[in-house]
1. Looking only at segment 160-179, which residues are part of a loop (DSSP other than H, G, I, E, B) and surrounded by fewer than 24 Cβ atoms within 10 Å (Cβ to Cβ)?
2. Any idea which of (1) under 15 Å from GLN28 (Cβ atoms); (2) assigned to a loop (DSSP other than H, G, I, E, B); (3) not β-branched (Val, Ile, Thr) is the one PRO156 doesn't satisfy?
3. Which residues, taken from segment 50-70, are under 20 Å from ALA99 (Cα atoms) and without any contact (Cβ under 8 Å) to a residue 12 or more places away in the chain?
4. Looking at the structure I just gave you, is SER208 more than 25 Å from GLU119 (Cα to Cα), modelled with pLDDT of 95 or more, touching a helix residue (DSSP H, G or I) at 6+ places or on another chain (Cβ under 7 Å) and of a type in the set (Gly, Ala, Ser)?
5. I'm trying to understand the selection: among the residues of segment 211-235, which are of a type in the set (Val, Ile, Thr) and either surrounded by fewer than 16 Cβ atoms within 10 Å (Cβ to Cβ) or without any contact (Cβ under 8 Å) to a residue 12 or more places away in the chain (or both)?
6. Any idea which of (1) outside any helix (DSSP H, G or I); (2) closer than 18 Å to ALA43 by Cβ is the one ALA132 doesn't satisfy?
7. For the structure I just gave you, tell me whether ALA20 is loosely packed, with under 13 Cβ neighbours inside 10 Å and under 29 Å from GLY209 (Cα atoms).
Amino acid sequence: MQQGIGRSGEATVVVEWGMAGIASLRAQVAVLVIVDVLSFSTAVDVAVSRGAAIIPFPSGDKQAAGAAAAEAGAVLAQPRAAGGGAFSLSPASLITIPAGTKLLLPSPNGARLSLAGGERTVIAGCLRNAAAVAAAARALAGGGAIGVIPAGEGWPDASLRPAIEDLLGAGAIVHHLALPCTAEARVARDAFRTAGADLAQLIADSVSGRELVARGFPADVDLAVALQSSHCVPILCDGAYRAWPPPAVPPT
């Protein structure tokens, strides 16, 4: 067992970055929370809160994604710049997604991390749903450790670039978990607490935030920083993110 996990005899929160973080924690935690604030986790929250199911796809290969969507009977999300009302990784494009829609959402970051969780319970967390995700993770962990994974971004050489929006999103979830933390989890939590009223501006001023605004997607940043605006808990089940707990089935 990794040093610092579970030493108190109580559920412990661990924060590690990206794919290497999942690989290091997968066998040691009961729940993994994937945090990709700009924009996979936010997009998943927006869509799932409206009754859609999101199938994460780890590649931008359009032909492979199209084949996977056809096999799953799902709508294929289009590139963010497609416009024209097409569903995409842009959270703003998903505000009106109809309930019951199955959307295959390609993402080389958040989707890839989601599918790396193996047998662990995997939840998509962001600033919008931090409190709800924390409550669900505690319930589902059953006293086991909880791993929170800020996704980060990639440098041109494919190495990990830590991203402050994901650090702050992870910190919001750790804050609401209110459990013993490893040092890394404490740093993320304290970064969120310190941000306070500056949270939205910090994320808008981040590399990723500025990039989205420059590309014409300021609404995606606004949706991402809407702290505690959602009670949705998207859980990966049978290859798709759906709301947890599932809606009660009325008696026949």
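1. PRO162, ALA178, LEU179
2. Checking PRO156 against (1) under 15 Å from GLN28 (Cβ atoms); (2) assigned to a loop (DSSP other than H, G, I, E, B); (3) not β-branched (Val, Ile, Thr), the one that fails is (1).
3. Residue satisfying the conditions is ALA70 alone.
4. When the stated conditions are applied, SER208 passes them.
5. Within segment 211-235, just VAL213 meets the criteria.
6. It is condition (1) that ALA132 fails.
7. Judged against the criteria, ALA20 is a match.
The values are calculated or read from the model by the stated rules, or taken from the named source; none is laboratory data. Since the structure is predicted, the reported quantities are computational estimates derived from the model, not experimental observations. Cβ atoms come from the backbone with ideal geometry, glycine included; neighbour counts cover every protein chain shown.
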